[in-house]
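In what follows, a structure is listed as structure tokens, so that the remarks can point back to it.
The values are calculated or read from the model by the stated rules, or taken from the named source; none is laboratory data. This is a predicted model, so every value here is computed, not measured. Please note: Cβ atoms are built from the backbone with ideal geometry, for glycine as well, and neighbour counts cover all protein chains shown. Ligands, DNA and RNA are stripped out before the accessible areas are found, and what is left, the full protein with its side chains, is counted by its heavy atoms. Shrake-Rupley method; radii C 1.70, N 1.55, O 1.52, S 1.80 Å.
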Amino acid sequence: MKPTDIKNPHYFHKVIDCQYACPAHTPVAEYIRLILHKHYTEAYMINWVSNVFPGVLGRVCDRPCEPACRRTRVDEEPVAICRLKRVAADNRDDVLGLLPKAPAQTNGKKIALIGAGPASLTVARDLSILGYEIEIFDDQTKLGGFMRSQVPSFRLPEEILNTEIGYITNLGNITTRTSHYVSDIRDLLAQDYDAVFVGCGAPRGRDLDLPGRAAGDKTIHVGIEWLAGVVWGHVEKIGKKVLVLGGGNTAMDCCRTARRLGGEDVKVIVRSPRAEMKASEWEIEDAVKEDIPIIENHTPREFVIEDGRLVGMLFDKVQPVYDENGRRRLEPTGEEPVFFACDEVLLAIGQQNAFPFIDENSGIEFTERGLPVLDPVTLQSTVERVFFGGDAAFGPANIIIAVEHGHQAAISIDLLCRGKNLHDRPHPQVKLAGQKLGFHDWIYDSHVTEDDRQQVPTVAKAKTLRDRLVEVELGFSQPTSKTEAKRCLNCDVQTVFDYTLCIECDACADICPTNCINFIENDEEAVLREQLIVPARNQSQDLYVSDTLPTGRVMVKDENVCLHCGMCAERCPTSAWEMIKFFYKSAQASQL
Amino acid sequence: MSYNRPAFRHPEAQKNDIGYTRKQYEGGISTLCAGCGHDSIVSAIITSFFEMSIPPHHVVKLSGIGCSSKTPAYFLGRSHGFNSVHGRMPSVASGANMANRELIYLGVSGDGDTASIGLGQFAHVVRRNLNMIYIVMNNGCYGLTKGQDSATADKGSKTRKGAPVSFESIDLCELAIQLGAGFVARGFSGDKKQLVPLIKAAISHRGFAFIDVISPCVTFNNAPTSTKSYSWVRDHMEVTNTFDFIPLRQEITTEYPDNTAVPVTLHDGSIIKLFKQEEQHIVTDRKDAIAAIEEARYNELLLTGFLYLNPDSEEFHDINKTVATPLNQLDEKTLCPGNKALAALNESLR
Ligand SMILES: Cc1cc2nc3c(=O)[nH]c(=O)nc-3n(C[C@H](O)[C@H](O)[C@H](O)COP(=O)(O)OP(=O)(O)OC[C@H]3O[C@@H](n4cnc5c(N)ncnc54)[C@H](O)[C@@H]3O)c2cc1C
Ligand SMILES: Cc1ncc(C[n+]2csc(CCOP(=O)(O)OP(=O)(O)O)c2C)c(N)n1
Ligand code: SF4
Ligand code: SF4
Ligand code: SF4
Ligand SMILES: [Mg+2]
């Protein structure tokens, strides 16, 4: 293999598993260390710059960082990254004075944003502080999109959302037009906007056309419409017996909300086996804790109507059958249909994109799947000054992806308005900082703890089930957050090797607790991987290869389970290994 | 601060035949200087015992005084151990071995511990052919007491301060061969590929197995002018033979072309395959072995690998015809047969 090019920021960025997995590349390890040292405000601001909604995301983020966390490869559970983010938000001082301000003088460019979800709000933040004039249109009475209308208050209290949206709208240069449905995008294109961003989400819930659907209409609801109804106060209660159909996160929010609106016997019915449900493991756990059984392998057959009233549903039992490619089919077991009695049904069986306000003649083209044709990097549509982001771009996803789309769209819009090539994108910022203090002393806390993942305390079940506005989770206390923060392995503190200093004494290879370091004859990657002390079979993790050493060998480090403990650097007599903090910050339109 | 090594290990770390990973063969964290050759030898010892699937509690580790003699604290944490007096490890090893011959005895010593204060004890433990592995971590100096020249420092070579060594050096391997050791080898801490099989073969050998391991002292004796430094050893290392060590239970999978490999079968059935090279001396011949060491020394080379092998030598228990059962497993009556037996014994000696 060729020596690793560690000058390319991509290499060390990838070593920071959580940050690399985060769509917005939030500097996770850095803020976790700040939390450990009780610098909550700084930790909050690092998050705010990167992901715009730390208080929101510290509660309801989909957390792609956690399954990626290095800790899962040596310990049972990942660092509770998301819950630590909330600690920063809960314990921060007032940050108003730390937020940027939009310049008094605008740059003369006007941008229209359709929808006020996380994607549009991010575009608004990134561009307003550069002097752009922003106008946001949303058909709801308040800003926030699905963060407000879908994510229930017992997971995300309204005031948290309001505060963080307020941070954006108060920056200046942002005009909000709520209760304003854009019925034809051509109206906006006809005006003098320099760019239009479409962040309208994926607002349509899938219906279920089965016998009895029409007759039972009054007590059969499309889940996302029903959840929005609860938030906007149109829906205040539900029948005692409720069936929720679907296995995604929407189903989990529906069933838990139903439990709070009078549902006593609430069941979730899924077609697939439970193990294949789309909902996050922790959301399923939370539902089960609220006495909601999950009934797997049942496909709906009909709504049963008696005397013009819905009384229950019939289901066919199925079983999963896997073909030789591992693809699953659900086959009927041939048993008698199963009847579940109910008063109401919530359908949470999928969400779809819909663009009724975009006419064919607008020039905006769509794929066969009904999604806009986009440049995947710039998010530009087939109309030069129209961009898409969030759920509207590639289908329903989550908040943090919407935020990242917002950042990318803002970069594109800024480049467009400045007459630049949209593919000439700004580079990330990288900062390096040596960590050595003394013989055994490091600036970072190099000690690797064995503590298990800490549990977040919750409000008593009886109390939360009584009131849908009571947040279930209480968040970590400061001492618990410290224990949890110490579980972080500091993957951003990189092991950096200088082959010109190495005397090949083997001390580093001998001490390394996880056998990352090898001194062997060079070869091609596949061969090297098999020849390491412990073969490097995790292909998603890179090998760090040095130049040729005096004995003709090379140093090969498998990044896979490096604990970033610094033992190698401590045992190296010549400082050929150094522990260097690598701070990586993604590019944004405004380099905050 | 890291005075503790993290507890996590590689989740895919291999297990040996008795279900242990390397972790079960580790000891406490080393307090030696960063980069010390002794730490590498420790690692080679761990690897050897792990790969040979020897239960750690079947091992007794013994040492004297010195940085080298401290190392038993850093490996095989779950074995028996005795850190004795400076230069006196052989006596303790002899006593322990006499009491229980079923255990594996591993002596770890330094060049000061063995070639200076302990030379007398060393000479006699070799002569007795005690069944043990004796490793000298040879750094040419007294590391623990801040780097004074030891008896293995080569005459004329320069230490850290630049003064040439004024006395003749002792070659412990040559001495061991002269005194009748059946297994004599030399390794280098910086070459585990060679060192690990040497240690494994030593474990398999019955009788006194001696390995002199050149082990640079990074702090006091690693100047390029010292013959015990990383750079000097790497530039002057020569091997007697390339070889394969095939432990008893392992199948021979490599094909050897006829006449190129000389097999030496050890007492426990393990085999050392020595690959013949031109102009190479025969390590099973004592005269030849000593000549090769002398020749290398004359050419300012460091000869490593197997220097002398005689797998059929008689060990101390054989010579003394001592009882096979460990003393702690004998009942009191057998151990103290009484006056009558004593009288009979005395009578037989008259
Ligand atoms: C029940 C449920 C729970 C969820 N829970 C989570 C969670 O816990 N964590 C997570 O990360 N994600 C969650 N999501 C997904 C997340 O809410 C979305 O991915 C995210 O909000 C998408 O953001 P967006 O900016 O694309 O648009 P949205 O948030 O969907 O906002 C779009 C806004 O545009 C408005 N709009 C649409 N068309 C027009 C128009 N023509 N004119 C004016 N306004 C218009 C809409 O009314 C809406 O207010 C959940 C989704 C659902 C349905
Ligand atoms: C009886 C006695 N004399 C002297 C000493 C002081 N002393 C301690 S270690 C040592 C030399 C150790 O040298 P070596 O065996 O080569 O070990 P190294 O530290 O080099 O590994 C000496 C002389 C002692 N501890 N006991
Ligand atoms: S251990 Fe810390 S830095 Fe490493 S992936 Fe997990 S959270 Fe990120
Ligand atoms: S920091 Fe160094 S010693 Fe620690 S696990 Fe990583 S490579 Fe091994
Ligand atoms: S400890 Fe330092 S000098 Fe020794 S092998 Fe490792 S990198 Fe090289
Ligand atoms: Mg010494």
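Some observations on this one:
- Loop GluC sites (Glu not before Pro), region B:262-350 (other Cβ atoms within 10 Å of the site Cβ: 15 or fewer; DSSP): B:Glu278, B:Glu279, B:Glu300, B:Glu314
- Excluding exposed DSSP-loop GluC sites (Glu not before Pro) (at most 10 other C-beta within 10 Å), longest clean stretch of chain A: A:77-235
- Two-site FRET efficiency, B:Thr31 against A:Lys420, from Cβ-Cβ distance with R₀ of 56 Å, rounded to 0.05: 0.40
- For region A:557-577 and region B:54-101, distance of Cα centres in Å: 31
- Estimated dipole of region B:22-320 in Debye, rounded to 20 [Cβ of Lys and Arg +1, of Asp and Glu -1, Cα centre]: 1160
- Counting only Cβ charges, +1 for Lys and Arg and -1 for Asp and Glu, the dipole size of the protein assembly as shown around its Cα centre is about 2300 debye.
- Euclidean distance of C-alpha centroids, region A:42-65 and region A:127-156, integer Å: 16
- The angle separating the long axis of helix A:399-417 from the principal Cα axis of greatest extent in chain A is about 80 degrees.
- About the Cα centre, charge dipole magnitude for region A:1-140 (Lys/Arg +1, Asp/Glu -1 at Cβ), debye: 440
- Volume of the convex hull of region B:22-320 (Cα atoms only), normalised per residue: 120 Å³.
- When the alpha-carbon atoms of chain A are used, the pair Rg, Dmax equals 26.5, 90 angstrom.
- For the listed residue pairs A:Lys7/A:Lys585; A:Lys7/A:Lys436; B:Lys146/B:Lys228; B:Lys155/B:Lys287, the alpha carbons are over 18 angstrom apart in A:Lys7/A:Lys436; B:Lys155/B:Lys287.
- The listed residues B:Tyr230, A:Tyr322 rank as A:Tyr322, B:Tyr230 when sorted by accessible area, largest first, using a 1.4 Å probe.
- Counting Cβ atoms of other protein chains within 10 Å of each Cβ in A:499-505 and taking the mean gives 4.
- Count Lys and Arg as plus one, Asp and Glu as minus one, and take only other residues whose Cβ is under 9 Å from that of A:Lys431; the net charge is then +2.
- Convex hull per residue volume in Å³, alpha carbons only, for region A:238-339: 96
- Average beta-carbon neighbours from other chains, 10 Å sphere, peptide A:553-565: 2
- Loop-located trypsin sites (Lys or Arg not before Pro) in region A:352-429, at most 14 other Cβ atoms within 10 Å (DSSP): A:Arg369, A:Arg418, A:Lys420
- Virtual spin-label span in nm between B:His236 and A:Ile520, 7 Å along Cα→Cβ: 3.3
- By DSSP, the beta bridges lying fully in chain A are antiparallel in about 60 percent of cases.
- Other residues within the sphere of radius under 11 Å centred on the Cβ of A:Val534, judged by their own Cβ, net out at +1 (K and R +1, D and E -1).
- Summed over qualifying helices (DSSP H, 4 residues or more, each -39500 (n - 2.57)) and divided by its residue number, chain A shows a 222 nm mean residue ellipticity of -8000 deg cm²/dmol.
- Angle between chain A longest axis and helix A:40-51 axis [Cα atoms, degrees, rounded to 10]: 70
- Top of B:Leu335, B:Leu62, B:Leu301 by mean-square fluctuation, Gaussian network on chain B, Cα under 10 Å: B:Leu335
- Ranking by accessible area, most exposed first, for A:Met45, B:Met98, A:Met252 with a 1.4 Å probe: B:Met98, A:Met45, A:Met252
- Annotation for region A:4-71: trypsin sites (Lys or Arg not before Pro) lying in DSSP loop with at most 15 further Cβ atoms inside 10 Å of their Cβ are A:Lys7, A:Lys38.
- Fluctuation leader among B:Lys23, B:Lys321, B:Lys228 - chain B, Gaussian network, Cα springs under 10 angstrom: B:Lys321
- In this simple spin-label model, placing a label point 7 Å from the Cα along the Cα-to-Cβ direction at both B:Thr21 and A:Asp207 gives a separation of 5.7 nm.
- Cα centroid of region A:379-457 to Cα centroid of region A:478-548, whole Å: 26
- Expressed as a fraction of 2.2 N^0.38 Å, the value expected for a compact globular protein of N residues, the C-alpha radius of gyration of region A:492-592 is 1.16.
- Of all DSSP beta bridges in region B:22-320, antiparallel share, percent nearest 5: 40
- Within 10 Å of each Cβ in B:12-25, the average number of Cβ atoms from other chains: 2
- Entry note, chain B: the mean residue ellipticity at 222 nm calculated from DSSP H runs of n ≥ 4, each adding -39500 (n - 2.57), is -8000 deg cm²/dmol after division by the residues and rounding to the nearest 500.
- Formal net charge of residues neighbouring B:Lys161 (Cβ-Cβ distance under 13 Å; K, R +1; D, E -1): +2
- Farthest positive-ward along region A:369-464 dipole, Cα basis, beta-carbon charges - from A:His440, A:Gln454, A:Val373: A:Val373
- Farthest positive-ward along chain A dipole, Cα basis, beta-carbon charges - from A:Ala409, A:Val268, A:Pro54: A:Pro54
- In degrees, nearest ten, helix B:37-51 long axis to first principal axis of chain B (Cα): 50
- If the chain linking B:Leu327 and B:Lys193 were pulled fully straight, counting 0.36 nm for each residue of separation and taking away their Cα-Cα distance, it would gain 44.4 nm.
- Residue with peak Gaussian network fluctuation, chain B [Cα springs, cutoff 10 Å], from B:Asp17, B:Asp171, B:Asp244: B:Asp17
- With protein chains left intact and a 1.4 Å probe, residues in chain B average 46 Å² of accessible area per residue.
- Projecting the Cα atoms of B:Asn83, B:Val213, B:Pro224 onto the charge dipole of region B:22-320 (Cβ charges, centred on the Cα centre) puts B:Asn83 farthest toward the positive pole.
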